[in-house]
Structure formats: structure tokens, C-alpha cells
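Worksheet: the structure to be examined is printed underneath.
The values are calculated or read from the model by the stated rules, or taken from the named source; none is laboratory data. Note that the structure is a prediction, hence the values are computed from the model and not measured. All Cβ positions, even for glycine, are placed from backbone atoms using ideal geometry, and neighbour counts span all protein chains on display. Keep in mind that these areas ignore ligands, DNA and RNA; they rest on the heavy atoms of the full protein, side chains included. Shrake-Rupley method; radii C 1.70, N 1.55, O 1.52, S 1.80 Å.
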Amino acid sequence: MPKGSCLCGQITYSVSGPLRPVIACHCQQCRKSSGHHVAATSAARGDVEVMGDVTWYTSSPTARRGFCGTCGSQLFWDGAGQNLSISAGSFDGDTGLRLAGHIFCADKGDYYEISDGLPCADAEDPMLTTQVP
């Protein structure tokens, strides 16, 4: 069962179901909230058990971001749909997940290139963000 936490360990989580491949989001909100693009997987909400007090920030009319109020670790993105997005870097140990594509590439920073050959979408792409094995 994959498990993860924030940097200080006050928030932990476990996932009992399948995880979506990792998708990199290059939108302006993700870049501003993380300092770069965000790499996240997702799982069905009912498969994610969170222990600790997540601080939620409503970042748009349709989504909120969950982070640790003590260390500031960005852990979750919660929008419409059945899944909860989970920051890929917050897992403890290996996950076996791989990066599968990029979304909001039209908004990416000018200081880097996306050159891995994976699918790139200029905006949201449900074909990338809803795939679960």
C-alpha cells in the first residue's frame, strides 16, 4: 500500500487502490504554488486515507490545494471528478509510477523545455488525467 507524508511528518496518507500515472502540470497556479511545474498522480477519493490536519486553499472556483500548515508541503489537488490528485514527490519510497505526459504546456515557464517525448497538451486533457490502470 503506497504511503506518503509531508516534510515534517505531521500529515501522512495511504492509498489502498490503483494510482494514475504521473502527469506534469505546467499551469500558472501549479508553477506559483510549487516554484516549478507539479508532478502528480491521483487515486479514487475513497482509496485515500489522510491522517493529520490538512490546510486547504481554494485556488479557483473549481479546485482547492491541500498542504501542511507547518512545513508548507504541497500534498493534494482537489477538483471536480472522482479522484484526488497527490503530489508524486510526497510518497515514501518507490511507487513504480512513471511520468506519462504534460498538461497546460501553453502556460509553461520560459526557462525550461519539455523534451522527454511524452504527450503534451496545451490545456487540460482528460485523456491524460483520468487514466487509471
Give the residue that is nearest to Asp92 (Cα to Cα), with candidates limited to residues of segment 8-45 that are surrounded by fewer than 21 Cβ atoms within 10 Å (Cβ to Cβ) and of a type in the set (D, E, K, R). Arg45
Somewhere in segment 38-51, is a residue part of a loop (DSSP other than H, G, I, E, B) and touching a helix residue (DSSP H, G or I) at 6+ places or on another chain (Cβ under 9 Å)? no
Do you know which of the residues in segment 52-71 that are in a loop (DSSP other than H, G, I, E, B) and free of Cβ contacts under 8 Å to residues at least 24 places away in the same chain is surrounded by the fewest Cβ atoms within 10 Å (Cβ to Cβ)? Pro61
Within segment 77-115, residues out of contact with any Pro (no Cβ under 7 Å at 6 or more places or on another chain) and β-branched (Val, Ile, Thr) come out as Ile86, Ile103, Ile114
Counting just the residues of segment 72-95 that are outside any strand (DSSP E or B) and within 15 Å of Met51 (Cβ to Cβ), which one comes out most open to solvent (accessible area, probe 1.4 Å)? Asp92
Could you list, in sequence order, all residues of segment 96-133 that are open to solvent by less than 70 Å² (accessible area, probe 1.4 Å) and among the charged types (D, E, K, R)? Asp107, Lys108, Asp125
